[in-house]
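**Q** This is the structure I have questions about; it appears just below.
The values are calculated or read from the model by the stated rules, or taken from the named source; none is laboratory data. What you see is a predicted model; the values in this text were computed from it and never measured. All Cβ positions, glycine included, derive from the backbone under ideal geometry; neighbour counts span all protein chains shown. Calculation scope for accessible area: heavy atoms of the full protein, side chains included, ligands and nucleic acids excluded. Shrake-Rupley method; radii C 1.70, N 1.55, O 1.52, S 1.80 Å.
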Amino acid sequence: HYLILKIMKHKVSAKKLSDILFEISKEKNLLDEVNRSVVEFNKVLKINRDLRSFLQSKRYSRDEKFGILRETFGSSINEVVLVVSSYVSGVKALDIIGQIRKNFIEKYKNEKNIVSVHATLSSAISDKDIVAMQKQLSQNLKKEADLTVEVDKSLIGGAKFRIENKFLDASIKSQLKNIKLDLMKI
């Protein structure tokens, strides 16, 4: 962890911190483990007010913070994630950690050729069908689809997809709305 602290002698941006986290993870062949740790650390951060307060605190040095984090999380969170997290403090600490997480995951997905897909379906489907949908999306997109699914019965039928920042609406609700708009033009 001293290697990272040497790199970060001065105040650096969240982007720079996430770049450092990514490069060290890649160099040490730890991308998957660090990605898992980033996601897990974020989950704990969302539900644990004490952890949020601790990270914002300026009462502890970076080394003290790192030691406390390492003692608290042990090997459940990768040490590099804990070092980078111990680097931030102050009222903007949580925003900075959020940006680090977002930037790291974006770089990770790009490196691993993963695309985020969110499907909103009119009714629930089986796990087997979800796996088949994910496989088909991966083939069509020529990337590994990281699929999340939700049900919205108001769609009546069909589905809506958000692929990264693109939207595809193939729901009956949307089609009925378009027909209504066309009829209003007559």
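**Q** Test Gln175 against the criterion of being surrounded by 12 or more Cβ atoms within 10 Å (Cβ to Cβ) and in a helix (DSSP H, G or I), and give yes or no.
**A** Working: surrounded by 12 or more Cβ atoms within 10 Å (Cβ to Cβ): yes; in a helix (DSSP H, G or I): yes.
It is true that Gln175 is surrounded by 12 or more Cβ atoms within 10 Å (Cβ to Cβ) and in a helix (DSSP H, G or I).
**Q** Turning to a different aspect of this structure: Is it true that Ser76 is modelled with pLDDT of 95 or more, exposed (fewer than 15 other Cβ atoms within 10 Å of the Cβ) and part of a loop (DSSP other than H, G, I, E, B)?
**A** yes
**Q** Which one of these is part of a strand (DSSP E or B) and either at pLDDT below 95 or among the aliphatic types (A, V, I, L, M) (or both): Leu94, Leu168?
**A** None of the other options fit; the residue is Leu168.
**Q** Given the conditions (1) over 28 Å from Ile105 (Cβ atoms); (2) part of a strand (DSSP E or B); (3) of a type in the set (A, V, I, L, M, F, W, C), report the number of the one that Leu181 does not fulfil.
**A** Of everything listed in (1) over 28 Å from Ile105 (Cβ atoms); (2) part of a strand (DSSP E or B); (3) of a type in the set (A, V, I, L, M, F, W, C), Leu181 misses just condition (2).
**Q** Here's another thing I want to ask about it. Can you tell me which residue within segment 79-94, out of those that are touching a residue at least 12 places away in the same chain (Cβ under 8 Å) and of a type outside the set (A, V, I, L, M), is surrounded by the fewest Cβ atoms within 10 Å (Cβ to Cβ)?
**A** Gly90
**Q** Give the residues of segment 52-73 that are buried (at least 19 other Cβ atoms within 10 Å of the Cβ) and among the aliphatic types (A, V, I, L, M), sorted by residue number.
**A** Correct list: Leu55, Leu69.
**Q** To continue, here is another question. Scanning segment 100-155 for residues that are part of a helix (DSSP H, G or I) and small (Gly, Ala, Ser), which turns out least open to solvent (accessible area, probe 1.4 Å)?
**A** Ser138
**Q** Sticking with this structure for a sec: Would you please list the contacts, defined by Cβ atoms under 6 Å and residues six or more apart or on different chains, that run from a residue in segment 13-36 that is closer than 18 Å to Tyr87 by Cβ to a residue that is outside any helix (DSSP H, G or I) and modelled with pLDDT of 90 or more?
**A** Correct list of pairs: Val34/Asn78.
**Q** Of all residues in segment 14-40, how many are outside any helix (DSSP H, G or I) and open to solvent by 50 Å² or more (accessible area, probe 1.4 Å)?
**A** Looking only at that region, the number is 2.
**Q** Moving on to the next point. State which residue pairs qualify: first residue touching a residue at least 24 places away in the same chain (Cβ under 8 Å) and over 10 Å from Val149 (Cα atoms) and inside segment 117-134, second residue of a type in the set (A, V, I, L, M) and surrounded by 15 or more Cβ atoms within 10 Å (Cβ to Cβ) in any location, beta carbons under 6 Å apart, and separation of 6 or more residues or different chains.
**A** Within 6 Å, the pairs are Ser122/Leu155.
**Q** Sort out which residues of segment 41-51 are open to solvent by less than 70 Å² (accessible area, probe 1.4 Å) and assigned to a helix (DSSP H, G or I), and write them in order of number.
**A** Filtering segment 41-51 down to residues open to solvent by less than 70 Å² (accessible area, probe 1.4 Å) leaves 41-42, 44-45, 48, 51.
Within segment 41-51, Phe41, Asn42, Val44, Leu45, Leu51 meet the criteria.
**Q** Return the residues of segment 91-121 that are more than 27 Å from Gln139 (Cβ to Cβ) and of a type in the set (Val, Ile, Thr); say none if nothing qualifies.
**A** Across segment 91-121, the qualifying residues are Val91, Ile96, Ile97, Ile100.
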